[in-house]
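Comments concern the structure below.
The values are calculated or read from the model by the stated rules, or taken from the named source; none is laboratory data. Since the structure is predicted, the reported quantities are computational estimates derived from the model, not experimental observations. Virtual Cβ from ideal backbone geometry, glycine too; neighbours counted across all protein chains shown.
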Amino acid sequence: MCLGIPGQIIEVKEGGQFGVASILGVKREVNLSCVYTPDQPEAAVIGSWALIHVGFAMSLIDEDEAQRTLEILKEIGELQEEMDAIAQSGSRA
């Protein structure tokens with residue numbers, strides 16, 4: 001099953017299409033085009049939480065929703081499976 005995993009955007013790379021998100025401490029390059037445009041200040045997304053799916057920050061969510069989602073995923077056992085898939089994908093930031 002494919003899930004969106006909450007991650008915190010910690011960097012916007014030059015050009016603005018890509019950035020880095022921290023997903024439970026694992027830094028991954030992500031495509032920001034669904035949540036950020038280069039005409040916005042970087043501060044508009046840095047520190048924000050997003051649902052990350054297949055390398056894309058799909059939508060911004062608030063921190064409470066991110067934490068609740070992580071807890072629910074832990075409870076149902078999906079989080080470890082998704083984290084293993086992220087770790088094996090090889091596109092680290």
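Based on what the data block shows, is Gly77 at positive phi, exposed (fewer than 12 other Cβ atoms within 10 Å of the Cβ) and out of contact with any Lys or Arg (no Cβ under 6 Å at 6 or more places or on another chain)? Break it down stepwise before answering.
Working: at positive phi: yes; exposed (fewer than 12 other Cβ atoms within 10 Å of the Cβ): yes; out of contact with any Lys or Arg (no Cβ under 6 Å at 6 or more places or on another chain): yes.
In short, yes.
Identify the single condition in (1) surrounded by fewer than 16 Cβ atoms within 10 Å (Cβ to Cβ); (2) touching a strand residue (DSSP E or B) at 6+ places or on another chain (Cβ under 9 Å); (3) not hydrophobic (A, V, I, L, M, F, W, C) that Glu14 does not satisfy, given that it satisfies every other one.
Glu14 satisfies every listed condition except (2).
Has the range 37-56 got at least one residue that is surrounded by 14 or more Cβ atoms within 10 Å (Cβ to Cβ), hydroxyl-bearing (Ser, Thr, Tyr) and assigned to a loop (DSSP other than H, G, I, E, B)?
Looking through the range 37-56, at least one residue is surrounded by 14 or more Cβ atoms within 10 Å (Cβ to Cβ), hydroxyl-bearing (Ser, Thr, Tyr) and assigned to a loop (DSSP other than H, G, I, E, B).
Quick grid of which residues meet (1) of a type outside the set (Asp, Glu); (2) modelled with pLDDT of 95 or more; (3) under 21 Å from Gln88 (Cα atoms):
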site	(1), (2), (3)
Asn31	yes, yes, yes
Cys34	yes, yes, no
Pro41	yes, no, no
Leu60	yes, yes, no
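Criterion first (of a type in the set (D, E, K, R) and crowded, with 16+ Cβ neighbours inside 10 Å) does Glu82 satisfy it? Can you show your working first?
Working: of a type in the set (D, E, K, R): yes; crowded, with 16+ Cβ neighbours inside 10 Å: yes.
Considered against the rule, which asks whether it is of a type in the set (D, E, K, R) and crowded, with 16+ Cβ neighbours inside 10 Å, Glu82 comes out as yes.
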